[in-house]
Structure formats: C-alpha cells, structure tokens
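**Q** Have a look at the structure that comes next, please.
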Amino acid sequence: MKVPRNVSPAAAARRSLLLDITIGVFIGLFAIILAAGIGVVGFFGLICALILIPWYLIEGGMRAKRRQPRR
Amino acid sequence: MATVTAEPPRPTRRRQRPPKKLPLWRRARRVLTAACIFCLAVAALSWVPAVMGSRNLGVTVASVEWLRAHGGNPIVSEIENWYYTMNEPEKGGPGLKSLPKVGVAQVGAGESEGGEEEKAYAPPNIKPVMHPKLPGEGVWQKAGANVGPQPPVLLTTYRSEPEYPQFVAGVAWMDGSRTELAYVPGTAEPPEPLEHRGSGEVPPNMRKRLVATFNGGFPLETSNAGLIYRGKIKETMVNGIATVVGYEGGGFNIINWKYGNRVPKNVWFAKQNLPLIINEGKLNPNLTDGPEWGETVNNAVRVWRSGLGIDAHGNLIYAAANYQTVESLAKVLKRAGAVRAIELDINEDWTSFISYRHPGAGDPSNLLPEMYRSPERYLTPDERDFFAVYLRPGQPW
C-alpha cells in the first residue's frame, strides 16, 4: 500500500503529528531503558512538564490575545 | 473571416495551497512533549500504587521514598544536601531556660526507704557540656511509671554543643540485663522477598513486655550493606561495617562485622549501616570526611540524626537530635557512655524513639517533642524496619 503523496493540509498536519508522537514515544522508551530506574525518568519527566506546560499556556494566551479584534 | 481565438485553458482543479510548514522548533517541542507524557504515564503506573499503599506516610515523603527506591537516590541526596546546606543553622543565639521534660520520675525517686533491695546498676548522669546547667540536664529519668528500683529504660536530655546553645540531644539508656532487642521488618523495608515479614508493627502478643521502640537504620537500597533476619541472609553482609547483632535468646551487641557473608552461630538478626562511628571508646577518625558514609546526606550536613551505642556494661544507648553532623552525634553517644556506636536513620521523617510508660504499650511518648512522627508509629503498620526493646521473660515491669 502506497501512502498518497498529495494530501490535504489537514491530513498532512495529522501525518506529521503522528510521526512526532511516534518519535517522542521512542525517545521516552529509550530514556526508560537507559535510566537507573523509573523514578529518575519520572523526576526528569516532571521537570520537563513543569517547563512545557507554562510554555504552552503563555503561547496560547498570547495567540488568543492577538486574535481578538481591535476596536 | 472571423478569427477564432482560443480560450485560455480553465484550470481543471483548484490549486491547493501548500500546507503551512510547522517550524522545526515547534516540532521538536512536540516530540519532547510526547516523550514527556509517555515517561510520566509509565512512571505513574509505579508511583500511584506506592503512594496509595503508604499507610502512615504523607504523599511528599512517600514520593521521595519511591524516587529513592527507583534509581533516584543520588538525586534525592543531592537535593537534600543542597537544601540542608542552604538552611544551615547559625551559631550562637540566646540560650535555653529549660529543657523538654522526659520520663516520669528521676532515678531513685519513690523507691523503698528501707534499702533492703540490692542496689541495681544505673548509668552515671551525663556530665553537662554547658554551664550553668539547666534543671534536670543530663539527669536520668525513668521512662516507665511504677517500674521499681531497676528501671529498664532511662531518658535524659542535654545541650550537646556550646556553639549552638539551642540544640538539645535526647538520650535513652536500655538495661541489657533486663531487656532483649528484636528487629521488626516494616511493610516495605527490607524489600521483597522476605519470609516472615509480619505486619510491620509490634506484634500484639509481645506488647505486654514492650518498653521501647526506635528507628532501624538506612534502607538496604541506600546503605549498600547487609541484613540477616531470623538466622538467614537477606542481603549480602559486608566486612568492616557497623552491625547491630541480635542473638538467639535476646542478647545483643554492636560490632564491626568481620564474618563475611555467613551467619555466625546463634546470630538471629544482624542489621548493618555504615562504619562504626565509635569503636573501642574512640570516635572514628574519618567522621569529618570520606565517601565511606555512603550515597546519602553528606556526613557534615546538619540534620536530624540518630545513633545507637553500647556501653562497657552491655547496655544500649540511643541518641537523637536535630542539626547534627555524624561527628556531633558520635560525641553525644560517647558522652553518654557508648564504647561502640552505629549511625541509624537521619532526617526528621525517620528518627523516632518511643518509650511506653505502662505495660501493654500504654501511654507511648516520643523522646523529644520535636520528633514529629506519632508515638503510636510502631503500634500500627510502618513502612520501615525498626527495633523493639522488650523486657526479658519473667522480668517484672
């Protein structure tokens, strides 16, 4: 089965999202295998989450503000 | 002649806009987010049951313990070292006007007037370090009510460091001729597999003889040392490590282990933890230095510490205090008469000495008021292993 080349922008975005998630899961799996224990993975995962969550929130907030019509 | 001009060809399909490409950094962030969610989900599968299963620990302490047990011990130790160094106490300051009250009565008080009973051995009071001494400082008090002329457990407090006039050390003395020592596994420490684990509390049928309980030393994961339980090796025994040994029949000792990975005759339990901090009446010369103190909070960091010693007559001496280094703790034990001593747990979460004022584990009380764990700690299932001190069979309360 061949993957169609010309796809809609939405389908292309979904495809790229799937690829990114797969790469992410593999990186996570690799980290779990390499780490001294699941505690270490959880600890650094938590630190990453503490950085990423505010980042997404701030970015989302700024985008929402930009979308508001100016009076 | 009419000329026919050809119409421009109509587009057969609407031209699609090329998909907007996501910047590379956003895709990298998305990959990182996916990896992070995956790792956290896997970790949560282990963390949630560990925290839910902790009966007498808060979520924070249970999480730290979980992290320690799952490869995160160096991380926890680093953070603890950093935290305690940042919060180091300052020298000096106003002195205390009184000491916390321990025990029920001074040794000798309320005993028979006739002097017919044979005078039992009692340890000499601890010589105060600071002057003028405070009322009751270093004076042994009976831990139990109505215990008669030979109390099995004595308690006292004293200010152990003139440079820090607010620090109070709590010390307990346990009569080796009247008591026996038992090692009780907790619900999670030592880890599985372990035969005859019990329920992680003082067995109900033993409580009528119970006089004291105290914390049992580092978990095996952090001590990198050995354990013998009920005459069988649970964890490889290491030569040159301080060891609390219990013999069949209830006798006990604190020794520098030299028997390799085998069970010597009559040994019922042996719990190891770091090198001896006092040996042959002298402080270990490496107390201020060295990696031998293990992968835990640095030996020079001031934190809650506890230790167990044995005096020249074979009696146990337990000491605990806040803001102690390994060296200052060893000095407390030495001053109380210990000739050999082992460091037990550190941190306020694990340091507990509980005495019982009445038979049947009645009226339990902590050695120091700052010990925040409940005095009922070892009468309910506890995660960590501990020691229980019982009156020998046939000994009157």
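**Q** Among the residues that make up the range A:24-32, is at least one of them on the phi < 0 side of the Ramachandran plot, within 16 Å of the chain's Cα centre (by Cα) and more than 7 Å from chain B (Cβ to nearest Cβ)?
**A** yes
**Q** Moving on to the next point. Considering each of B:ILE255, B:ILE228, B:ILE233 in turn, give the residue that is closer than 15 Å to B:GLY309 by Cα, out of contact with any Asp or Glu (no Cβ under 7 Å at 6 or more places or on another chain) and in contact (Cβ under 8 Å) with a residue 24 or more places away in the chain. Reasoning before the result, please.
**A** Numbers: B:ILE228 fails: closer than 15 Å to B:GLY309 by Cα; B:ILE233 fails: closer than 15 Å to B:GLY309 by Cα.
Testing whether each residue is closer than 15 Å to B:GLY309 by Cα, out of contact with any Asp or Glu (no Cβ under 7 Å at 6 or more places or on another chain) and in contact (Cβ under 8 Å) with a residue 24 or more places away in the chain leaves just B:ILE255.
**Q** Of these, A:ALA12, A:ALA49, A:ALA36, which one is at the interface with chain B (Cβ under 7 Å from one of its Cβ atoms), free of Cβ contacts under 8 Å to residues at least 60 places away in the same chain and touching a Gly at 6+ places or on another chain (Cβ under 8 Å)?
**A** Values: A:ALA12 fails: touching a Gly at 6+ places or on another chain (Cβ under 8 Å); A:ALA49 fails: touching a Gly at 6+ places or on another chain (Cβ under 8 Å).
Answer to the selection: A:ALA36.
**Q** Please go through the range B:357-378 and pick out each residue that is of a type in the set (Phe, Trp, Tyr) and surrounded by fewer than 24 Cβ atoms within 10 Å (Cβ to Cβ). Walk me through it before giving the result.
**A** Taking the range B:357-378 as the starting set, the residues that turn out to be of a type in the set (Phe, Trp, Tyr) are B:372, B:378.
Selection gives B:TYR372 alone.
**Q** May I pose another question? When you check B:ASN298 against the structure, is it under 29 Å from B:ILE126 (Cα atoms), at pLDDT 95 or above and among the polar types (S, T, N, Q), yes or no?
**A** Working: under 29 Å from B:ILE126 (Cα atoms): yes; at pLDDT 95 or above: no; among the polar types (S, T, N, Q): yes.
No; evaluated as a whole, the condition is false for this residue.
**Q** Being assigned to a strand (DSSP E or B), of a type in the set (S, T, N, Q), in the same structural domain as B:ILE354 (by TED's automatic domain parsing) and out of contact with any helix residue (DSSP H, G or I) (no Cβ under 6 Å at 6 or more places or on another chain) is the requirement here; does B:THR187 meet it?
**A** Working: assigned to a strand (DSSP E or B): no; of a type in the set (S, T, N, Q): yes; in the same structural domain as B:ILE354 (by TED's automatic domain parsing): yes; out of contact with any helix residue (DSSP H, G or I) (no Cβ under 6 Å at 6 or more places or on another chain): yes.
Answer is no for this residue.
**Q** Tell me which of these B:ARG29 doesn't satisfy, since it passes every other one: (1) facing chain A (nearest Cβ under 9 Å); (2) at pLDDT below 80.
**A** Of everything listed in (1) facing chain A (nearest Cβ under 9 Å); (2) at pLDDT below 80, B:ARG29 misses just condition (2).
**Q** Follow-up. Being at pLDDT 95 or above and in contact with a strand residue (DSSP E or B) (Cβ under 9 Å, 6 or more places away or on another chain) is the filter here, so list the residues in the range B:249-265 that pass it. I'd like the intermediate steps shown before the answer.
**A** Initially, the range B:249-265 is screened for residues at pLDDT 95 or above, giving B:252-264.
B:PHE252, B:ASN253, B:ILE254, B:ILE255, B:ASN256, B:TRP257, B:TYR259, B:ASN261, B:ARG262, B:VAL263, B:PRO264 - these are the residues of the range B:249-265 that are at pLDDT 95 or above and in contact with a strand residue (DSSP E or B) (Cβ under 9 Å, 6 or more places away or on another chain).
**Q** Against the conditions (1) buried (at least 16 other Cβ atoms within 10 Å of the Cβ); (2) free of Cβ contacts under 8 Å to residues at least 40 places away in the same chain; (3) not in a strand (DSSP E or B), where does B:VAL245 fall short? Just the number, please.
**A** (3)
**Q** For the range B:186-229, how many residues are surrounded by fewer than 22 Cβ atoms within 10 Å (Cβ to Cβ) and of a type in the set (Val, Ile, Thr)?
**A** So the answer is 2.
**Q** What number goes with the only condition from (1) in contact with a Ser or Thr (Cβ under 8 Å, 6 or more places away or on another chain); (2) modelled with pLDDT under 95 that B:TRP293 does not pass?
**A** (1)
**Q** Among the candidates B:PRO132, B:PRO162, B:PRO89, which residue alone is in contact with a strand residue (DSSP E or B) (Cβ under 6 Å, 6 or more places away or on another chain), at pLDDT below 95 and loosely packed, with under 15 Cβ neighbours inside 10 Å?
**A** Values: B:PRO132 fails: in contact with a strand residue (DSSP E or B) (Cβ under 6 Å, 6 or more places away or on another chain); B:PRO162 fails: in contact with a strand residue (DSSP E or B) (Cβ under 6 Å, 6 or more places away or on another chain).
Result of the check over B:PRO132, B:PRO162, B:PRO89: B:PRO89.
**Q** So if I check each of B:GLY148, B:GLY144, which one is in contact (Cβ under 8 Å) with a residue 60 or more places away in the chain, crowded, with 23+ Cβ neighbours inside 10 Å, over 20 Å from the mean Cα position of the chain (by Cα) and outside any strand (DSSP E or B)? Working first, answer last.
**A** Details: B:GLY148 fails: crowded, with 23+ Cβ neighbours inside 10 Å.
B:GLY144 is the lone residue from the list that is in contact (Cβ under 8 Å) with a residue 60 or more places away in the chain, crowded, with 23+ Cβ neighbours inside 10 Å, over 20 Å from the mean Cα position of the chain (by Cα) and outside any strand (DSSP E or B).
**Q** Say we look at the range B:252-271 and pick out the residues that are under 12 Å from B:TYR229 (Cα atoms) and β-branched (Val, Ile, Thr); which of these is surrounded by the most Cβ atoms within 10 Å (Cβ to Cβ)?
**A** B:VAL267
**Q** Might you check whether a residue that is of a type outside the set (A, V, I, L, M) and buried (at least 24 other Cβ atoms within 10 Å of the Cβ) occurs anywhere in the range B:323-332?
**A** First, the residues of the range B:323-332 that are of a type outside the set (A, V, I, L, M): B:323-325, B:327-328, B:331.
Restricting the remaining residues to those that are buried (at least 24 other Cβ atoms within 10 Å of the Cβ) gives B:324.
The answer is yes, given that some residue of the range B:323-332 is of a type outside the set (A, V, I, L, M) and buried (at least 24 other Cβ atoms within 10 Å of the Cβ).
**Q** A follow-up question, please. Could you tell me how many of the residues in the range A:52-71 are out of contact with any Cys (no Cβ under 8 Å at 6 or more places or on another chain) and facing chain B (nearest Cβ under 9 Å)?
**A** 2
**Q** Within the group B:GLY176, B:GLY217, B:GLY200, which residue is assigned to a loop (DSSP other than H, G, I, E, B), more than 30 Å from B:GLY71 (Cα to Cα) and not hydroxyl-bearing (Ser, Thr, Tyr)?
**A** Step by step, each of B:GLY176, B:GLY217, B:GLY200 is checked, and only B:GLY176 is assigned to a loop (DSSP other than H, G, I, E, B), more than 30 Å from B:GLY71 (Cα to Cα) and not hydroxyl-bearing (Ser, Thr, Tyr).
The values are calculated or read from the model by the stated rules, or taken from the named source; none is laboratory data. Keep in mind the model is a prediction, meaning the values are calculated, not measured. All Cβ positions, glycine included, derive from the backbone under ideal geometry; neighbour counts span all protein chains shown.
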